[in-house]
There are 2 protein chains.
Amino acid sequence: MNDEIKLNCPVPIGDHATVQLAHGGGGRMMKNLIEGIFLPAFGESSSSPTTGGGTGRASGTRTLQPPVPHDAAVLPVPGTGGASGTQSGTRLAFTTDSFVVNPLFFPGGDIGELAVYGTVNDLAMAGAVPAWLSAGFLLEEGFSLELLRRIVESMAAAARAAGVRIVTGDTKVVDRGKADGVFINTSGIGWVPEGVEISPERVEPGDVILLSGDLGRHGMAVMSVREGLRFESDLESDCAPLAGLVEAMLAAGGTEVHCLRDLTRGGLAAALNEIASDARAGIEIDESAVPVTEPVASACELLGLDPLYVANEGRLVAFVSPASADRVLAAMHAHPAAIGPVRIGVVTDAHTGLVELCGPFGPGRILDLLSGEQMPRIC
Amino acid sequence: MNDEIKLNCPVPIGDHATVQLAHGGGGRMMKNLIEGIFLPAFGESSSSPTTGGGTGRASGTRTLQPPVPHDAAVLPVPGTGGASGTQSGTRLAFTTDSFVVNPLFFPGGDIGELAVYGTVNDLAMAGAVPAWLSAGFLLEEGFSLELLRRIVESMAAAARAAGVRIVTGDTKVVDRGKADGVFINTSGIGWVPEGVEISPERVEPGDVILLSGDLGRHGMAVMSVREGLRFESDLESDCAPLAGLVEAMLAAGGTEVHCLRDLTRGGLAAALNEIASDARAGIEIDESAVPVTEPVASACELLGLDPLYVANEGRLVAFVSPASADRVLAAMHAHPAAIGPVRIGVVTDAHTGLVELCGPFGPGRILDLLSGEQMPRIC
């Protein structure tokens, strides 16, 4: 490192001066990292979203969004009417995600599939129809070219399955020992259909919370390989594209679909906490309604993990108006990407910002954000 | 690694079964990697660019471009007239780049600046006005949060200087020893103004080749730190945004500006060879016209490097019609991002696909692609 670097006083982010694994876990420490370092630098205009035209070139950018992981920015395309402040112009969704999963191949998927579906799903959660992806490969010297070919072919197949095109790419190689085989970044562009408005800000008391399927498969499939557990045949990742499901839900619920979130790092708990916080709403979840399969439950018990915090790669929660809930749930049931969808809770105007688990005997424990995550390098 | 993985016969890419540093160098081995692995998987429709509507969702995608590093895909925005095959619709440029430079801070810049300007410049080389960037951080456990803050602030300043917004982001953390401090991916979106058509396919015999400034500063600035050479004060990276310069050149030359390329990995030699190959044209360069400063020349001599192959981060070549060359060159002279711009050569209909260096005594040696690159992890 350049010896000209002069360190100022160390800046504790949650009492740390260096990066911890938990900073990448989707929990409280990642939130602190984003709010402590990224937002002050990149999000400076987020408090005055209508002044975005000030920098000249980027005059189309009116809704600067903070760099929140697993979120897509929705931006008006200049010259299509979107800049006038109405919703009538063409709106683009833009998102990015890096993938560092270990191992690269796991039951039910691999890093290539994950890299495509992860970004496709982030676009879908903004209500966008995914269109184009970029692919940035970071390779370690000595990595097998045959494995690389398999991963690339898996990405191509996943892109076909999700109806997107990989249109631009980049490859960098670092010396042996300075990476771990292959890391992949995908960024994606999609189009938000007219009238679609998906955002935590639209969540309101009374909204019904729908979950698209059983929890914890992806995290436990990866962990089963890493820990050498031998129930892999029963434990496959749920890794799947969700854009088609979202399209079906929007067709059924229209503007009554208020908010969507896929359940990745930090699992259902992280997703609900983020939305409760962003929407300034209370959330009540019926714990007994949340589906967890027997193999996932057993593996979680064995490893001392809570399935509510385990990562998924093919599940979403939806916040919909009470009037539309049955319609949207029926549309989910009819779509193959929803595996036993259920109603799991409601939004309340009590305990703002908190997620409460309710059991058969009424309200119970608060479902909090973890500090970090239970399992690093799950995606 | 999952022991279920079964390797088929190893696939030699330039006689290698594993990734070599040279696969990331911008030379022949990277070309082989792209043509051997990425294009067969991702570029399947590139030979039939008008059939892109077949996959339904991505029906706006008509010009699928192969994932060539340091290149932006230009894509029509659906519903704006671009899908009809004319150039009248809104066109978007999309590109991605990962940054792994070592050291992270070097004379004249740092990885954050590089990550912003590199992607801004890739957009500009498609004639696009850069608008939005994503930022994907890949952090090694134990990396200093104070250094991360400095890098992020440098990115924010660079984005302001280039007139773009960082609108979405992602952070992943990998365990100690599995990365090298910080890697950054930026992807970018820009808008291609109506009538602008920048492409190697537009290069034709007689075109004049203009270079925007002296060569080799970025590569030698990085190498000077890595090799512990003590002439750093004279050797600063040329790292700079080029979008404003391109705008000025297009204002002066209009459609007479045929092709643009920034000189990154593999330097001037790689850029010219790529264009000669893609344009199926011959290129003749007057070696004595190519500016190299004394500190760069000395450092190159000391390290046994050829400045024509050394990476730059703030230089471009332009292929323009003979009639417009003086006008475009004058516009370059008037812009601060061009540092002593010059005419360095012409396009011929002889020796198709080759770059020939001409000296005072006429034609001389062929300027070939290197196999890899002289210096890994320069960007």
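Please state which one of B:175, B:170 is among the charged types (D, E, K, R), over 27 Å from residue B:337 (Cβ atoms), surrounded by fewer than 19 Cβ atoms within 10 Å (Cβ to Cβ) and at the interface with chain A (Cβ under 7 Å from one of its Cβ atoms). Can you show your working first?
Working: B:170 fails: surrounded by fewer than 19 Cβ atoms within 10 Å (Cβ to Cβ).
Sole residue among the options that is among the charged types (D, E, K, R), over 27 Å from residue B:337 (Cβ atoms), surrounded by fewer than 19 Cβ atoms within 10 Å (Cβ to Cβ) and at the interface with chain A (Cβ under 7 Å from one of its Cβ atoms): B:175.
Among the numbered conditions (1) in a helix (DSSP H, G or I); (2) of a type in the set (A, V, I, L, M, F, W, C); (3) closer than 22 Å to residue B:328 by Cα; (4) open to solvent by less than 20 Å² (accessible area, probe 1.4 Å), the only one that residue B:250 does not meet is (4). Go through the stretch B:102-120 residue by residue and tally those that are crowded, with 22+ Cβ neighbours inside 10 Å and out of contact with any helix residue (DSSP H, G or I) (no Cβ under 7 Å at 6 or more places or on another chain). Within the stretch B:102-120, residues that are crowded, with 22+ Cβ neighbours inside 10 Å and out of contact with any helix residue (DSSP H, G or I) (no Cβ under 7 Å at 6 or more places or on another chain) number 4.
Of all residues in the stretch A:342-357, those being open to solvent by 40 Å² or more (accessible area, probe 1.4 Å), closer than 14 Å to residue A:272 by Cβ and small (Gly, Ala, Ser) number 0.
Here's the yes/no breakdown for (1) in contact (Cβ under 8 Å) with a residue 40 or more places away in the chain; (2) among the hydrophobic types (A, V, I, L, M, F, W, C):
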| residue | (1), (2) |
| --- | --- |
| B:94 | yes, yes |
| B:98 | yes, no |
| B:110 | yes, no |
| B:123 | yes, yes |
| B:135 | yes, yes |
| B:158 | yes, yes |
| B:170 | no, no |
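Reported count of residues in the stretch B:209-245, each being farther than 13 Å from residue B:378 by Cβ, open to solvent by less than 10 Å² (accessible area, probe 1.4 Å) and among the hydroxyl-bearing types (Ser, Thr, Tyr), is 1. The conditions are (1) facing chain B (nearest Cβ under 8 Å); (2) open to solvent by less than 10 Å² (accessible area, probe 1.4 Å), and residue A:165 fails exactly one of them. Which is it? All conditions are met except number (2).
Just checking, how many residues over the stretch A:189-208 are touching a Phe, Trp or Tyr at 6+ places or on another chain (Cβ under 7 Å), under 20 Å from residue A:123 (Cα atoms) and surrounded by 24 or more Cβ atoms within 10 Å (Cβ to Cβ)?
Here is the first cut: in the stretch A:189-208, the residues touching a Phe, Trp or Tyr at 6+ places or on another chain (Cβ under 7 Å) are A:189, A:203, A:207.
Retained after the next criterion (residues that are under 20 Å from residue A:123 (Cα atoms)): A:189, A:203.
Subset that is surrounded by 24 or more Cβ atoms within 10 Å (Cβ to Cβ): A:189.
Total satisfying the criteria: 1.
Condition first: closer than 28 Å to residue B:109 by Cα, open to solvent by 30 Å² or more (accessible area, probe 1.4 Å) and not aliphatic (A, V, I, L, M). Now tell me which residues in the stretch B:272-322 satisfy that. Listed by number, the residues that qualify are B:274, B:291, B:293, B:294, B:295, B:298, B:301, B:304, B:306.
Taken over the stretch B:360-369, residues that are part of a loop (DSSP other than H, G, I, E, B) and surrounded by fewer than 21 Cβ atoms within 10 Å (Cβ to Cβ) amount to 3. Does the stretch B:178-187 contain at least one residue that is free of Cβ contacts under 8 Å to residues at least 60 places away in the same chain, open to solvent by 10 Å² or more (accessible area, probe 1.4 Å) and at the interface with chain A (Cβ under 8 Å from one of its Cβ atoms)? Yes.
Is it true that some residue in the stretch A:108-129 is within 7 Å of chain B (Cβ to nearest Cβ) and in contact with a Ser or Thr (Cβ under 9 Å, 6 or more places away or on another chain)?
Taking the stretch A:108-129 as the starting set, the residues that turn out to be within 7 Å of chain B (Cβ to nearest Cβ) are A:129.
After this cut, where a residue has to be in contact with a Ser or Thr (Cβ under 9 Å, 6 or more places away or on another chain) as well, the list is none.
No; the residues of the stretch A:108-129 include none that is within 7 Å of chain B (Cβ to nearest Cβ) and in contact with a Ser or Thr (Cβ under 9 Å, 6 or more places away or on another chain).
Among the residues in the stretch A:47-67, are any in a loop (DSSP other than H, G, I, E, B), modelled with pLDDT of 50 or more and facing another protein chain (nearest Cβ under 8 Å)? If you could, list the steps in order and put the result at the bottom.
Start the filter on the stretch A:47-67 by keeping residues that are in a loop (DSSP other than H, G, I, E, B), which leaves A:47-48, A:56-67.
If we keep only those that are modelled with pLDDT of 50 or more too, we end up with none.
No - not one qualifying residue is present in the stretch A:47-67.
Is it the case that some residue within the stretch B:145-162 is in the same structural domain as residue B:113 (by TED's automatic domain parsing), in contact with a helix residue (DSSP H, G or I) (Cβ under 9 Å, 6 or more places away or on another chain) and part of a strand (DSSP E or B)? No: the stretch B:145-162 contains no residue that is in the same structural domain as residue B:113 (by TED's automatic domain parsing), in contact with a helix residue (DSSP H, G or I) (Cβ under 9 Å, 6 or more places away or on another chain) and part of a strand (DSSP E or B).
The single condition from (1) within 8 Å of chain A (Cβ to nearest Cβ); (2) crowded, with 21+ Cβ neighbours inside 10 Å; (3) within 18 Å of residue B:114 (Cβ to Cβ) that residue B:147 fails is (2).
The values are calculated or read from the model by the stated rules, or taken from the named source; none is laboratory data. All values derive from a computational prediction rather than experimental measurement. Cβ: placed from backbone, ideal geometry, glycine included. Neighbour counts: every protein chain shown. Heads up: the accessible areas ignore ligands, DNA and RNA and are worked out on the full protein's heavy atoms, side chains in. Shrake-Rupley method; radii C 1.70, N 1.55, O 1.52, S 1.80 Å.
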